[in-house]
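Please treat every number below as a calculation from the coordinates, not as lab data. Being a predicted model, the structure only gives us computed values, none of them experimental. Heads up, the Cβs are rebuilt from the backbone with ideal geometry, glycines too, and the neighbour counts pull from every protein chain shown.
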Amino acid sequence: MSPEMILLAISGTGSVVWYLLRQKDAAQQAAIDLLFKKHDEDYRELQELKLRIASEHYVKGELDHKFDKLEGAFRDGFADLGKKFDNLGQVLIRHIQLEEGKK
């Protein structure tokens, strides 16, 4: 074989190997792109889930706190109102007793 033929054979073999490697790289790149796309979708869904869980937890805790404050306000308010009615009753009784004492 002549040196030109050997060089041509090596060049042809190199071209075929380059073409096959290029095809394999393209397939691997498509698979990698698909994995990254799936990763991005999973990451976005996970972030949305974290936000939803956090918002529901925050709302429940906040509602519990507000309910406790409201319950305390009613309890304290009615206790105070009861004391005021007791005082009013005592004042009315004294007033009636004073009025009856004048007669």
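Compute, for segment 3-52, the length of the dipole vector about the Cα centre, with Cβ point charges of +1 (Lys, Arg) and -1 (Asp, Glu) only. Units Debye, rounded to 20.
The calculated dipole for segment 3-52 is roughly 120 debye.
Quick one: putting +1 on the C-beta of Lys and Arg, -1 on the C-beta of Asp and Glu, what dipole do you get for the chain around its Cα centre, in Debye to the nearest 20?
480 debye
Relative to the longest principal axis of the chain, what angle (0 to 90°, nearest 10) does the C-alpha long axis of helix 3-102 take?
0 degrees
Given Gly14, Leu35, Gly82, which one lies farthest toward the positive end of the charge dipole of the chain, if we put +1 on the Cβ of every Lys and Arg and -1 on the Cβ of every Asp and Glu?
Gly82
Using a simple spin-label model with points 7 Å from Cα along the Cα→Cβ vector, what separation in nm is obtained for Glu56 and Val17?
5.9 nm
If you take every residue apart from Ile93 with its C-beta less than 12 Å away from the C-beta of Ile93, what net charge results, scoring Lys and Arg +1 and Asp and Glu -1?
For residues surrounding Ile93, the net value is -2.
Check cross-link reach from Lys37 to the lysines: straight Cα distance under 23 Å, and skip same-chain residues fewer than eight apart.
Lys24, Lys50
Subtract the Cα-Cα distance of Leu34 and His65 from 0.36 nm times their separation in residues, and report this length gain in nm to one decimal.
Working it through step by step, the gained length comes to 6.5 nm.
In a shell of Cβ-Cβ distance under 15 Å around Lys37, excluding Lys37 itself, what net charge do Lys and Arg (+1) and Asp and Glu (-1) give?
-3
Can you tell which of His57, Gln97, Gln23 lies farthest toward the positive end of the dipole of the chain, using +1 and -1 charges on the Cβ of basic and acidic side chains (Lys, Arg; Asp, Glu)?
Of the options given, the answer is Gln97.
What does the C-alpha gyration tensor say about the overall shape of the chain? Classify as rounded when a/c is under 1.5, otherwise prolate if a/b is larger than b/c, or oblate.
prolate
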